[in-house]
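The values are calculated or read from the model by the stated rules, or taken from the named source; none is laboratory data. The structure presented is a predicted model; accordingly, all values stated were derived computationally and were not measured. Heads up, the Cβs are rebuilt from the backbone with ideal geometry, glycines too, and the neighbour counts pull from every protein chain shown.
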Amino acid sequence: MLDKPVGERQRMRARLRLSLVIAVLLLVLVACHPSDENRAAQEMVLAEFTESYVNVSITLEHIEAGEAVLEATFTPTEPDAHLYSMQLPKDGIDGLGRPTLIELPLGEGMRVAGELQESQPSQEDSVASDLPSLPVYPAGPVTLSLAVTLPEGSGLVNDQVIITYMACTPRGCHKPVMGKLVDVQVPTK
């Protein structure tokens, strides 16, 4: 008879341990599952394309109601290719180079709510001693970010983003992409 109460105690301890394990797992799942507030801060892919040896990914990250950050990541397909700085004039310097830009057209859609930001600083580079030096990003990807205000309405609405860039390697430059209108769908306020 003494064995029976010991066995019952062991079963009770085992059930208690199992209950604790389940409770801890539930707490971990709840903590890892994004709340409605965290879901609003998630990134949304708006468009992706490859043109003139550069992969472009355009995303939107919700910050708070009506405010968001529009990002474009420009990734050259060649490992030694670089892109020109966003500070470069649209027609380049003496016709050389084109800036890397993400812009918004005038209209009813997203509105600019801040300054264009770059993920890394540019550096001056000269192709030849008789040519002007130009501001370029180091070889590899660069991301530009733009704070925006989302349009009024409900659900998703059609909008556009304007993309400009030019990739160059030590062997030469590729055809620039100038003012490319990219159709996107964005959430509303």
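Based on what the data block shows, is LEU96 surrounded by 12 or more Cβ atoms within 10 Å (Cβ to Cβ) and at pLDDT 95 or above?
Answer is no for this residue.
Out of segment 67-92, which residues are within 30 Å of THR188 (Cα to Cα) and surrounded by 16 or more Cβ atoms within 10 Å (Cβ to Cβ)?
If the condition is that a residue be within 30 Å of THR188 (Cα to Cα) and surrounded by 16 or more Cβ atoms within 10 Å (Cβ to Cβ), then ALA68, VAL69, LEU70, GLU71, ALA72, THR73, PHE74, THR75, MET86 are the ones that fit.
Limited to segment 137-152, what total is found for residues that are over 10 Å from LEU116 (Cα atoms) and within 13 Å of the chain's Cα centre (by Cα)?
Count: 3.
In segment 72-109, which residues are of a type in the set (S, T, N, Q) and closer than 18 Å to VAL54 by Cα?
THR73, THR75, THR77, SER85, THR100 - these are the residues of segment 72-109 that are of a type in the set (S, T, N, Q) and closer than 18 Å to VAL54 by Cα.
Being surrounded by 15 or more Cβ atoms within 10 Å (Cβ to Cβ), under 26 Å from ASP183 (Cα atoms), without any contact (Cβ under 8 Å) to a residue 60 or more places away in the chain and in the same structural domain as GLU43 (by TED's automatic domain parsing) narrows it down to one residue among SER145, SER57; which is it?
SER57
Please indicate, with yes or no, whether at least one residue in segment 79-98 is farther than 23 Å from ASP183 by Cα, among the aromatic types (Phe, Trp, Tyr), in contact (Cβ under 8 Å) with a residue 12 or more places away in the chain and assigned to a loop (DSSP other than H, G, I, E, B).
There is no residue in segment 79-98 that is farther than 23 Å from ASP183 by Cα, among the aromatic types (Phe, Trp, Tyr), in contact (Cβ under 8 Å) with a residue 12 or more places away in the chain and assigned to a loop (DSSP other than H, G, I, E, B).
In this structure, does PHE49 turn out to be modelled with pLDDT of 70 or more, surrounded by fewer than 16 Cβ atoms within 10 Å (Cβ to Cβ), of a type in the set (Phe, Trp, Tyr) and on the phi < 0 side of the Ramachandran plot?
Yes; evaluated as a whole, the condition is true for this residue.
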